[in-house]
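To keep things clear, I will list the structure first and then write my remarks on it.
The values are calculated or read from the model by the stated rules, or taken from the named source; none is laboratory data. All of these numbers come straight from a predicted model, not from anything done at the bench. FYI the Cβ positions are ideal-geometry reconstructions off the backbone, even for glycines, and counts take in every protein chain you see. In case anyone asks, the SASA skips ligands and DNA or RNA and just uses the protein heavy atoms, side chains included. Shrake-Rupley method; radii C 1.70, N 1.55, O 1.52, S 1.80 Å.
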Amino acid sequence: MAKKENLIVGVDIGSHAVKICQLQKTGQTYRLLAVGSAAIPPGAVEDGVLQEPEEVGKAIAALLKNLKIKSTKVGISISGYSVIVKKINLESMDDETLASYIKAEAEQYIPFDLDDVYLDFQKLPSKKEGSDRNDVMLVAAKKEVINDYIDMLTNLKLTTVLVDVDGFALENIWETVSEKIENIALVDIGASKMNINIISEGVSVLARDIVVGSEQLTDQLASALDVDYANAEKVKLGIVPPPPGDEESIERIFNKTCTQWVLEIKKALDLYLANNPEKPIHSIVLSGGGSKVNGLNEYIERETGLRVLAFNPFDKMICDDKKFDPKYLNSIAPEMAIAVGLAIRQADF
């Protein structure tokens with residue numbers, strides 16, 4: 001009998017909400033056991049930094065209780081200014097020598113004091129056979145920021161067994177549910193940040209966080225329409241039609257904000273193509289709560305000339321229709337991508 005894999009509980013802590021997912025490995029696929037999200041107070045998390053651990057902890061505890069999740073092994077991911085992801089090219093060396101080199105030389109690549117960060121690295125597959133050089137993905141994250149998250153979770157009697165980076169969690173779940181390995185741009189639009197991760201031939205070649213998000217669009221709509229945040233959110237997502245006579249104002253706000261998003265996406269695409277002209281991007285894959293903005297897919301398609309796909313991380317997973325309403329799953333799928341990307345990781349390490 002095959003050994004049963006114990007998976008961690010994926011906990012994605014954003015600036016607007018906490019998202020949690022629990023899966024079970026079933027053969028070559030996964031079964032959805034629990035999924036949900038809970039709003040957190042404004043300002044509780046800012047640019048990936050925990051500002052109000054008690055409030056965020058309350059939301060996580062309540063959500064775990066509501067979802068009846070008993071497992072205490074969790075994984076989180078981080079983003080924002082406190083984490084640096086950098087691809088460097090080095091002479092080929094064995095893992096032990098590489099680890100020593102990174103420890104000794106990382107300061108030339110990282111704009112933080114090395115005593116203040118956790119360092120990790122991953123060798124990337126060599127592009128050329130017989131090459132004497134290797135690309136290495138280097139990650140540095142501020143200890144203070146990570147320790148604050150771990151302390152908060154420890155106070156909830158949870159054991160943090162994984163700290164990932166948002167873009168890598170997204171990449172992992174995309175590669176898990178996607179059948180094709182093609183050159184794509186994964187774009188996750190959250191409430192206050194946008195993450196872009198370009199995957200070429202199955203390898204992440206460009207990852208960046210940008211401090212723009214869908215909350216700015218909601219705030220602008222609320223101000224222009226003189227409505228509260230909840231109603232502005234409904235207009236943004238196309239749940240309710242815009243008030244008569246305000247269509248032009250809404251379109252102007254939408255175009256101004258979403259043009260900024262598209263410019264950031266184009267910048268990343270241009271940088272990638274400058275270095276990889278023979279490997280064009282085939283598609284943009286959108287996720288995150290901000291990706292549900294009404295008409296956004298079509299707008300990005302029109303502006304970039306690329307096919308835009310809405311990411312459903314539950315695609316090809318076993319989801320009991322009696323337990324999970326398919327319409328509900330479809331509606332929350334884009335914003336759950338990072339939590340699901342964490343939830344596919346094993347707890348046995």
Next on the checklist: Past 19 Å, Cα to Cα: identify those pairs from Lys19/Lys68; Lys65/Lys142; Lys19/Lys266; Lys68/Lys323; Lys25/Lys193; Lys86/Lys142, in the order given.
Outcome noted: Lys65/Lys142; Lys19/Lys266; Lys25/Lys193
Next on the checklist: Which of the three applies to the range 1-79, rounded, prolate or oblate, going by the alpha-carbon gyration tensor with a ≥ b ≥ c and a/c under 1.5 meaning rounded?
Outcome noted: prolate
Checklist entry - What dipole magnitude, in Debye to the nearest 20, does the range 21-164 give about its Cα centre under +1 on Lys/Arg Cβ and -1 on Asp/Glu Cβ? => result 1100 debye
Item to check | Sorted peptide list for 309-321, 103-115, criterion being average Cβ within 10 angstrom, highest first | outcome: 309-321, 103-115
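Accessible area per residue, 1.4 Å probe, Å², for the chain: what's the number?
50 Å²
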Item to check | Protein accessible area in the range 252-341, 1.4 Å probe - carbon and sulfur % | outcome: 52 percent
Next on the checklist: Taking the full set of protein chains and a 1.4 angstrom probe, give the accessible area of Thr72 in square angstrom, rounded to the nearest 10.
Outcome noted: 60 Å²
Item to check | Surface share of carbon and sulfur [accessible, 1.4 angstrom probe, percent] for the range 38-80 | outcome: 53 percent
Next on the checklist: Let me cross-check Ser79: its accessible surface, 1.4 Å probe, with only protein heavy atoms counted, in Å² to the nearest 10?
Outcome noted: 10 Å²
Checklist outcome for this item: Of all DSSP beta bridges having both residues in the chain, the percent classed as antiparallel (nearest 5) is 70 percent
Next on the checklist: For a quick check: with amide H placed at 1.01 Å from N, whose amide H comes under 5 Å from Arg307's, ignoring anything fewer than 5 positions away on the same chain?
Outcome noted: Ile284
Item to check | Probe 1.4 Å, all protein chains present, accessible-area order of Lys19, Lys327, Lys86, largest first | outcome: Lys327, Lys86, Lys19
Next on the checklist: Helix-only mean residue ellipticity at 222 nm, the chain, DSSP H runs n ≥ 4 weighted -39,500 (n - 2.57), per residue, nearest 500. What is it?
Outcome noted: -11000 deg cm²/dmol
Checklist outcome for this item: Once all protein chains are kept in place, Asp270 shows an accessible area at probe 1.4 Å, nearest 10 Å², of 100 Å²
Next on the checklist: Please list 3J(HN,Hα) in residue order for the range 246-261, calculated via the Karplus relation 6.51 cos²θ - 1.76 cosθ + 1.60 where θ = phi - 60°; whole Hz, with x for glycine and proline.
Outcome noted: 9, 4, 5, 4, 5, 4, 5, 5, 4, 4, 5, 6, 6, 5, 4, 4
